[in-house]
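Right, one structure below, let's go through it.
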Amino acid sequence: IAIMFRNVRWMLMPLVVVHLALIWTKASMVLTGLKLSMVSSPLVALVTVIGVSTVVHFAVRYREYRSQLEPEHALRGTLSHVGPATFWTILTTVAGFASLMVSRIVPVQSFGLMMSLGTFLVLMAIMGLISGAILLGRASSDPMHAPGEDKVAGFLNWIIAAVERHPWWFALSGIAALAFLSVGTTKLESATDFTDNFHENSPIVQSYNFIAQKMGTTGGYDLMIDSPSIDDPGFDEFIGKISQIQRELLEVDGVLGSMTLTDLFAFMQNRTGPQPTEMMDRLALAAVSKLTPSNLLKQIELREPGLVYGFWNKQRNVVRISVFTGDLAGNQAKLDRLEAIESIGRKYFPTARTAGAEILIMFLVSSMLSDQWITFSVAVVAIFVMLSSSFRSIGLGLLALVPNVSPILIVIGTMGWLGLKLNMATAMLASVSMGLAVGFSIPYLYRFRHEVRFGNDFDSAIRRAHGTVGLAIILANLALIAGFMVLTLSEFVPTVQFGFLVTIVMLGGLTANLLILPMLLRTLRYLWPSSLEA
């Protein structure tokens, strides 16, 4: 921004706006008890995106007015024309983030609330600061022209002229590109391992791989089985069924072994080691070998209760079988293994169930993909209602929706083709992308309708909107892409992917609005001309 506008006021304004919004957001989180989590790591970056892009739109329009008016009148004109567009842009962005609150994942819900609050506070900060930042003091408040801005303007004129000359070529090219990327959405997979969140050469992954190679196991589950009382006559038969379950578990793909009370009994009865040589030891072993499982368990509990508590809860009469597992590729394979383990347990005991932290992670991963489409659907409906309300036109609401849905396919399709896996950060991209991309369309359409109101013909109105708002979009994108690429330096893979993919969202939204939106306006002009009326 310093290079673009070469003015200290406009350089400091987005920094102050973002900083204030973040302070207010974090203060609100403290007061309401909201907590940061792994999912909320993009909070600062996204608030920065919204703050910077909004300030850039104000700067470009203010500079346009200053070429003809005094600062007070230029500011008044900027607020009267950019203010409503900014208000509805912020509201639709809030709707995109608020859609995350319907997710079944609590950290994602909290992040949606945080970002909704932070986005709205960006608007409060800008409206509270912009008048004083521009009018106070004697130093000039006029933003300068960015280096090469004339070439950007020429490029925008070339784009609109090319679209006018070859509309069908651009339409078919866009449809083909979206179709190609749509195929990529079918290749999208979820990250199923904790190590997927870190680079392969990171210390935590190297340590994890070392333990997996040496120990032969990378995880496990607990199979919980309700047991009869130790004094129940059927307790010994119950232990026999536990042994049968352990034998059948070894036939499940990805199961390396298991451990429970039967292994403790075998150790005490020395069935798994060398036979003793001393006479007293052999007599003691012979005595122990004759004990029934229930009596042996009582003896062990009496002398070494710590050996028992890990596998048997006496108060609740529950026996635990610790199942050791190896690595399997894909979340579905792990879910199938879990179902097989539970099925074997329920074959003998209908109330058998599995437990463990790894199960929570698996179901968390499996719900992320479905939640993404649910939250996206809610975002689309909410944003459509707001777009139609802001323009007082269902036709323009539908029209503005099309170029903002495109970045979603671009992002998710790119992830599928590049083999990037869905994680807790990237699972929010559909709704986040919708909220960010809509910030390109609303100022564009507001400027178009403003030009129409003031007597410009249809073609002139599009060119004016393209040359002014299009320039602001490009300048904002340059600053935002530079900022988001910094996230790729992180050691945390979801943060790296989020920064990279949001950059694609920015470029996708830019391309869609500069190419698709003018074509859609021309189509709507012929199919539904009344919808373009102010």
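Out of curiosity, is Leu418 closer than 19 Å to Gly184 by Cα and surrounded by fewer than 18 Cβ atoms within 10 Å (Cβ to Cβ)? Taking the combined requirement at face value, the residue satisfies it. With respect to the conditions (1) under 29 Å from the mean Cα position of the chain (by Cα); (2) buried (at least 23 other Cβ atoms within 10 Å of the Cβ); (3) modelled with pLDDT of 85 or more; (4) among the aliphatic types (A, V, I, L, M), Val49 lacks only one, and its number is (3). Of the residues screened, Ala379 is one that is under 28 Å from Leu188 (Cα atoms) and buried (at least 21 other Cβ atoms within 10 Å of the Cβ). The single residue among Ser390, Ser367 that is surrounded by 14 or more Cβ atoms within 10 Å (Cβ to Cβ), at pLDDT below 85 and more than 20 Å from Asn423 (Cβ to Cβ) turns out to be Ser390. Applying the selection to segment 67-91, what residues are farther than 21 Å from Val16 by Cβ and not in a loop (DSSP other than H, G, I, E, B)? Within segment 67-91, Glu72, His73, Arg76, Gly77, Ser80, His81, Pro84, Ala85, Trp88, Leu91 meet the criteria. Candidates are the residues of segment 430-476 that are charged (D, E, K, R) and within 27 Å of Gly148 (Cβ to Cβ); the one that is surrounded by the most Cβ atoms within 10 Å (Cβ to Cβ) is Arg447.
Results for (1) open to solvent by 20 Å² or more (accessible area, probe 1.4 Å); (2) touching a residue at least 12 places away in the same chain (Cβ under 8 Å); (3) closer than 30 Å to Leu507 by Cα, shown as yes or no for each residue.
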site: Ile3; (1), (2), (3): yes, yes, yes
site: Met11; (1), (2), (3): yes, no, yes
site: His19; (1), (2), (3): yes, no, yes
site: Ser53; (1), (2), (3): yes, yes, yes
site: Phe58; (1), (2), (3): no, yes, yes
site: Arg63; (1), (2), (3): yes, yes, yes
site: Gln68; (1), (2), (3): yes, no, no
site: Glu72; (1), (2), (3): yes, yes, no
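Out of segment 304-360, which residues are within 18 Å of Gly257 (Cβ to Cβ) and of a type in the set (Val, Ile, Thr)? Val319, Ile321, Val323, Thr325, Ile341, Ile344, Thr354 - these are the residues of segment 304-360 that are within 18 Å of Gly257 (Cβ to Cβ) and of a type in the set (Val, Ile, Thr). Applying a threshold of 9 Å to beta carbon distances and a minimum spacing of six or more residues, or different chains, the list of pairs starting in segment 512-525 at a residue that is without any contact (Cβ under 8 Å) to a residue 24 or more places away in the chain and ending at one that is assigned to a helix (DSSP H, G or I) and buried (at least 21 other Cβ atoms within 10 Å of the Cβ) reads Thr523/Leu399. Determine whether segment 134-142 contains at least one residue that is modelled with pLDDT of 90 or more and open to solvent by 30 Å² or more (accessible area, probe 1.4 Å). No. Every listed requirement among (1) closer than 23 Å to Ala177 by Cα; (2) of a type in the set (A, V, I, L, M, F, W, C); (3) without any contact (Cβ under 8 Å) to a residue 24 or more places away in the chain is met by Ala400 save one, (3).
At pLDDT 80 or above, part of a helix (DSSP H, G or I), open to solvent by 10 Å² or more (accessible area, probe 1.4 Å) and of a type outside the set (D, E, K, R), is that true of Val385? Step through it out loud before you land on a result.
Values: at pLDDT 80 or above: yes; part of a helix (DSSP H, G or I): yes; open to solvent by 10 Å² or more (accessible area, probe 1.4 Å): yes; of a type outside the set (D, E, K, R): yes.
When the stated conditions are applied, Val385 passes them.
So, in segment 92-122, of the ones that are part of a helix (DSSP H, G or I) and of a type in the set (S, T, N, Q), which residue ends up nearest to Met386 (Cα to Cα)?
Going through segment 92-122, the residues part of a helix (DSSP H, G or I) turn out to be 92-102, 106-122.
So of that shortlist, the ones also of a type in the set (S, T, N, Q) come out as 92-93, 99, 109-110, 116, 119.
Numbers: Thr92: 6, Thr93: 10, Ser99: 14, Gln109: 21, Ser110: 23, Ser116: 15, Thr119: 16 Å.
Result: Thr92.
Condition check ((1) out of contact with any Pro (no Cβ under 9 Å at 6 or more places or on another chain); (2) over 18 Å from Ala95 (Cα atoms); (3) among the β-branched types (Val, Ile, Thr)) across all residues:
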residue: Arg353; (1), (2), (3): yes, yes, no
residue: Glu358; (1), (2), (3): yes, yes, no
residue: Val380; (1), (2), (3): yes, no, yes
residue: Phe391; (1), (2), (3): yes, no, no
residue: Ala400; (1), (2), (3): yes, no, no
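Taking the criterion of being open to solvent by less than 10 Å² (accessible area, probe 1.4 Å) and not hydroxyl-bearing (Ser, Thr, Tyr), the only residue of segment 30-41 that qualifies is Val39. Does Val496 satisfy being among the aliphatic types (A, V, I, L, M), outside any strand (DSSP E or B) and open to solvent by less than 10 Å² (accessible area, probe 1.4 Å)? Against the criterion (among the aliphatic types (A, V, I, L, M), outside any strand (DSSP E or B) and open to solvent by less than 10 Å² (accessible area, probe 1.4 Å)), Val496 does not qualify. Within the bounds of segment 23-44, is there any residue that is in contact (Cβ under 8 Å) with a residue 60 or more places away in the chain, in a helix (DSSP H, G or I) and either touching a Cys at 6+ places or on another chain (Cβ under 9 Å) or within 18 Å of Thr86 (Cα to Cα) (or both)? No, because not a single residue in segment 23-44 is in contact (Cβ under 8 Å) with a residue 60 or more places away in the chain, in a helix (DSSP H, G or I) and either touching a Cys at 6+ places or on another chain (Cβ under 9 Å) or within 18 Å of Thr86 (Cα to Cα) (or both). Any idea how many residues of segment 123-138 are touching a Ser or Thr at 6+ places or on another chain (Cβ under 9 Å) and under 26 Å from Phe391 (Cβ atoms)? Final tally of qualifying residues: 4. Of the residues that sit in segment 146-163 and are out of contact with any Gly (no Cβ under 9 Å at 6 or more places or on another chain) and in contact (Cβ under 8 Å) with a residue 12 or more places away in the chain, which one is most open to solvent (accessible area, probe 1.4 Å)? The qualifying residue most open to solvent (accessible area, probe 1.4 Å) is Pro147.
Flag: Ile225 does not match the condition of being of a type in the set (A, V, I, L, M, F, W, C), outside any strand (DSSP E or B), at pLDDT 75 or above and out of contact with any Cys (no Cβ under 9 Å at 6 or more places or on another chain). Note on segment 229-271: among residues that are of a type in the set (Ser, Thr, Tyr) and not in a helix (DSSP H, G or I), the one that is most open to solvent (accessible area, probe 1.4 Å) is Ser229.
The values are calculated or read from the model by the stated rules, or taken from the named source; none is laboratory data. All values derive from a computational prediction rather than experimental measurement. Using ideal geometry, Cβ is built from the backbone for each residue, glycine included, and neighbour counts are taken over all protein chains shown. Accessible surface areas use protein heavy atoms only, side chains included; no ligands, DNA or RNA. Shrake-Rupley method; radii C 1.70, N 1.55, O 1.52, S 1.80 Å.
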